[in-house]
Amino acid sequence: MSAFYCRIRLIRGSILVILIFLISCPLFSQNLSDPQKEREDIFIARIKQFNEFADRFNLKSDFNGNPADSAFRAKMPRERMIPLLFDLKDPRIQTSDTRYSADYVRIKEEFVRDVIQKKLFLYKYSQGIIAEARSRVIFQGEPQKIRLFLIQEIVGDDMVKWVLYSAKGDMLNVFKTDTSMVRFIPPSSNETDFINLKRALEDTDHLQYYASHNFEPDYLTLFFSYIGAGLIKFEYVEEVVYHIIDIPGWYIKVKDFNRTDLNSGWLITDVMKNDLELPAFIKIP
Amino acid sequence: MDYMPKRILITLAILFVSLCVTAQETKTAITSKQAKITDEINLSAADIELFKQQTKQKVEEFQQYIVTLGSKDEPAEKRNMAEKEALKLFYKGAEMEITTILPDGTVQKVNRPMEKYLARLKSLPFTKVIIKFYDIAYIREFTKGPDGKYYSTATIIQEFTGFSNDDIIYTDVTKKEVEIIIDIVEDTFFQEKRWKIFLGDIKATETKTAVS
């Protein structure tokens with residue numbers, strides 16, 4: 001009996017491989033309208049977790065989440081799999097759309113070629129995988145958005161945890177730019193025991209001008225201090241987006257597309273060339 | 001002549017002491033704080049694979065309890081028992097987060113402790129509940145956390161239909177991400193420690209509403 005079900009699953013799996021391959025053909029995807037079975041096929045095809053995205057990227061698992069065997073690899077090699085990990089509804093790849101971008105299509109194709117030819121894989125626990133938790137907070141009684149960036153840290157030999165790495169948000173931009181006047185602590189101030197320090201520190205919006213030219217605000221510390229002081233109350237994470245700089249020479253952005261479509265779930269929504277390491281990358285606004 | 005037995009005795013004594021020390025160390029490792037345990041005890045790959053299979057059963061068990069406690073046609077005792085048993089599946093402090101995507105695309109989330117979620121489900125006005133399980137469950141591999149527990153997430157998709165008598169009054173299709181935790185528990189009956197699967201936080205996202 002179980003052998004029978006295994007066979008059924010195998011046949012279904014094969015049909016699904018063909019179906020998923022065909023979704024890259026717009027004419028076919030528009031005519032996919034088999035009711036109940038279609039929904040199940042969509043759920044199987046859907047990339048349900050980020051972990052599943054990584055497994056499909058590395059061709060480690062089949063559409064059912066089982067280890068990819070040689071038969072599956074033959075039917076769905078990386079040449080076919082990787083393009084299907086992109087958001088196929090991206091207007092930049094639709095020739096009929098006004099937002100079509102030949103440059104983006106070229107970059108996308110180059111990325112796919114590079115990944116396959118150079119056999120580039122995604123290491124799941126890489127620090128080059130940055131999870132951006134787009135979150136809702138209450139700041140001074142008002143709901144506001146904040147972007148928290150988390151990376152994975154390996155503890156000991158085999159233990160893993162996510163850690164907060166950075167934060168970005170309007171409420172953290174405490175410094176205002178003003179070039180209309182030159183702000184500084186005069187060279188002879190030391191002789192007066194820095195009497196003018198009080199005046200400088202009362203210029204609360206522009207304190208950065210009184211700091212060293214190497215000064216870089218640490219927004220995560222600021223966020224923590226706001227939380228500690230009760231100025232920010234964390235509500236919830238609205239959405240998670242992954243920024244991946246683990247693939248040499250490339251940056252990809254992965255987000256969850258919650259739609260009733262074979263091309264749904266965690267998909268690549270952007271690809272760019274990149275040579276920045278994590279500390280420099282995180283500084284990009 | 002009597003030198004030899006003395007040497008043997010000393011050797012045996014040293015061996016005994018060293019065995020006691022080893023046993024003590026092992027015992028300490030097992031019974032002290034969980035963080036300490038993690039350094040000493042690991043699940044084998046085969047164990048983890050077995051737990052992965054058991055995860056699906058645990059999740060299905062939870063779904064069955066939801067069906068029972070959501071159906072007002074079921075006797076109150078049975079529903080209360082289902083609520084109690086369902087809670088036993090969870091790790092202490094587990095929460096249910098329900099995500100609703102509003103027509104304008106904005107996301108609204110409500111978090112409830114699992115106890116409150118289940119109690120609320122019991123009070124919903126359904127005479128009967130049907131949960132259709134899709135034969136799809138994605139379970140990611142277990143990863144060890146710094147506290148020594150093993151963590152995974154199972155994704156399930158279910159179609160929930162609530163009836164009032166014979167009328168469908170609510171139906172939705174949700175995708176649920178269920179946190180799975182494997183932790184060491186003490187079996188008081190057998191007086192031993194063993195690994196056990198618990199369900200943790202659940203994130204539920206509506207994928208498609210059929211009737212509302």
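The values are calculated or read from the model by the stated rules, or taken from the named source; none is laboratory data. All figures in this text were calculated on a predicted structure; none of them were measured in a lab. Neighbour counts run over all protein chains shown; Cβ positions are idealised from the backbone, glycine included.
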Hey, can you tell me all the residues within the range B:96-121 that are assigned to a helix (DSSP H, G or I) and either within 17 Å of B:Lys203 (Cα to Cα) or over 21 Å from the mean Cα position of the chain (by Cα) (or both)? B:Met114, B:Glu115, B:Lys116, B:Tyr117, B:Leu118, B:Arg120, B:Leu121
Please go through the range A:249-285 and give me each residue that is basic (Lys, Arg), within 14 Å of chain B (Cβ to nearest Cβ) and either farther than 18 Å from A:Arg134 by Cβ or in contact with an Asp or Glu (Cβ under 6 Å, 6 or more places away or on another chain) (or both), ordered by number. A:Arg259
Among the candidates B:Thr127, B:Thr55, residue that is within 13 Å of chain A (Cβ to nearest Cβ) and over 21 Å from A:Asn258 (Cβ atoms): B:Thr55
Could you figure out which of (1) more than 10 Å from chain A (Cβ to nearest Cβ); (2) without any contact (Cβ under 8 Å) to a residue 60 or more places away in the chain; (3) crowded, with 18+ Cβ neighbours inside 10 Å; (4) charged (D, E, K, R) isn't true of B:Asp201? (2)
Scan the range B:92-105 residue by residue and report those that are exposed (fewer than 13 other Cβ atoms within 10 Å of the Cβ) and either at the interface with chain A (Cβ under 8 Å from one of its Cβ atoms) or among the basic types (Lys, Arg) (or both). B:Lys92
For the range A:173-207, enumerate the residues that are outside any loop (DSSP other than H, G, I, E, B) and touching a helix residue (DSSP H, G or I) at 6+ places or on another chain (Cβ under 8 Å). A:Ser189, A:Leu197, A:Ala200, A:Leu201, A:Leu207
Give the residues of the range B:71-86 that are surrounded by fewer than 16 Cβ atoms within 10 Å (Cβ to Cβ) and either touching a strand residue (DSSP E or B) at 6+ places or on another chain (Cβ under 6 Å) or of a type in the set (A, V, I, L, M, F, W, C) (or both), sorted by residue number. B:Asp73, B:Ala76, B:Met81
More than 14 Å from chain B (Cβ to nearest Cβ) and either more than 17 Å from A:Ile129 (Cβ to Cβ) or surrounded by fewer than 19 Cβ atoms within 10 Å (Cβ to Cβ) (or both), is that true of A:Asp246? no
Using beta carbons and a limit of 8 Å, which pairs, at least six apart or on different chains, have the first residue in the range A:65-78 and farther than 25 Å from B:Lys52 by Cα and the second one among the hydroxyl-bearing types (Ser, Thr, Tyr) and not in a loop (DSSP other than H, G, I, E, B)? A:Lys75/A:Ser14
In the range A:249-285, which residue that is under 27 Å from B:Lys175 (Cα atoms) and hydroxyl-bearing (Ser, Thr, Tyr) is modelled with the lowest pLDDT? A:Thr260
Pick from the range B:173-192 the residues that are hydrophobic (A, V, I, L, M, F, W, C) and not in a strand (DSSP E or B): which of them is nearest to the other protein chains (Cβ to nearest Cβ)? B:Phe190
For the range A:123-131, indicate whether the set of residues that are in contact (Cβ under 8 Å) with a residue 24 or more places away in the chain, part of a strand (DSSP E or B), within 14 Å of chain B (Cβ to nearest Cβ) and of a type in the set (D, E, K, R) is non-empty. no
Is it the case that some residue within the range B:103-120 is of a type in the set (S, T, N, Q) and in contact (Cβ under 8 Å) with a residue 12 or more places away in the chain? yes
Test for A:Asp103: is it outside the structural domain of A:Gly228 (by TED's automatic domain parsing) and crowded, with 19+ Cβ neighbours inside 10 Å: no
So, in the range A:69-114, exactly how many residues are within 17 Å of A:Ile247 (Cβ to Cβ) and part of a loop (DSSP other than H, G, I, E, B)? 1
Scan the range B:138-172 for residues that are within 8 Å of chain A (Cβ to nearest Cβ) and assigned to a strand (DSSP E or B) and jot them down. B:Tyr138, B:Ile139, B:Thr143, B:Lys144, B:Thr153, B:Thr155, B:Ile157
Output the residues belonging to the range A:209-223 that are over 24 Å from the mean Cα position of the chain (by Cα) and part of a helix (DSSP H, G or I). A:Tyr209, A:Tyr210
